[in-house]
Amino acid sequence: MMKTMVEHFQNILDNTPFFWMKDDKVIRVKSGYAENTLQTNTTEYCNIRGDVHGAVCTGLADGVMGIACFTLGKNVSTIDINGNYVRAVKGGEKLRGVGIVEHNGTRTMVATSRIYNEKGELVHVGRGTFYVLHNMELPDLPWSIIPEDTIE
């Protein structure tokens, strides 16, 4: 039985068929906001230079922005996504993605994302437009069981 909205949204990720989502963890959610981590490795996530492939950052950005939309009770599908890579990430690093809904429309939503490396340095900035497929009922659960001021 799920105790928090974090667990609810993690359950959604756990049932996603993309292979790398197994390493994506929801760590914080609130209305219009989501934060995930992604533990990369050197075999499944890297390009020929040993850096995390750009598609990984784009995928993490898409996922964290989508979850931010879900927190507002809307099931969405990506219409458009773009991003800027600020610095390279070596395989094996844990990434942290933050998604924020900027526009909460009835037919479309716009969200932004920021992805950070283990040092807290910005590595990717993204923006996405999402089509609202339908509203969805959110469970009556607390966002977290940890007081807001203790979450890092």
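The values are calculated or read from the model by the stated rules, or taken from the named source; none is laboratory data. Computed from a predicted structure; not experimentally measured. Quick reminder, even Gly has a Cβ in these numbers, built from the backbone with ideal geometry, and neighbours come from all protein chains shown.
Laid out as a table, the results:
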| read-out | value |
| --- | --- |
| Residue check for GLU35: at pLDDT below 95 and charged (D, E, K, R) | no |
| Near pairs, Cβ below 8 angstrom, 6+ apart or cross-chain, from segment 125-152 (more than 11 Å from PHE70 (Cα to Cα) and at pLDDT 95 or above) to any residue that is charged (D, E, K, R) and assigned to a helix (DSSP H, G or I) | GLY126/ASP62; GLY128/ASP62 |
| 3 or more residues under 20 Å from HIS134 (Cβ atoms): qualifying strands (runs of 3 or more DSSP E) within segment 11-96 | 74-85 |
| Among the candidates ILE67, ILE27, residue that is within 23 Å of GLY120 (Cβ to Cβ) and in contact with an Asp or Glu (Cβ under 8 Å, 6 or more places away or on another chain) | ILE27 |
| Filter result (closer than 17 Å to GLU118 by Cα and either touching an Asp or Glu at 6+ places or on another chain (Cβ under 7 Å) or of a type in the set (Phe, Trp, Tyr) (or both)) within segment 70-88 | TYR85, ARG87, ALA88 |
| Verdict on GLY97 being at pLDDT 95 or above and either surrounded by 10 or more Cβ atoms within 10 Å (Cβ to Cβ) or within 12 Å of LEU60 (Cα to Cα) (or both) | yes |
| Criterion (closer than 28 Å to THR40 by Cβ and within 18 Å of the chain's Cα centre (by Cα)) met by exactly one of TYR116, TYR131 | TYR116 |
| Boolean, SER113 is hydroxyl-bearing (Ser, Thr, Tyr) and exposed (fewer than 13 other Cβ atoms within 10 Å of the Cβ) | no |
| Candidate set from segment 35-64 (those that are hydrophobic (A, V, I, L, M, F, W, C) and exposed (fewer than 14 other Cβ atoms within 10 Å of the Cβ)); member that is farthest from VAL123 (Cα to Cα) | ILE48 |
| Qualifying residue in segment 62-75 (condition: under 13 Å from the mean Cα position of the chain (by Cα) and among the polar types (S, T, N, Q)) | yes |
| ILE12 at pLDDT below 95, closer than 23 Å to GLY105 by Cα and not hydroxyl-bearing (Ser, Thr, Tyr) | yes |
| Matching entry among ILE48, ILE81, ILE27 (being more than 30 Å from LYS3 (Cβ to Cβ) and touching a Ser or Thr at 6+ places or on another chain (Cβ under 7 Å)) | ILE81 |
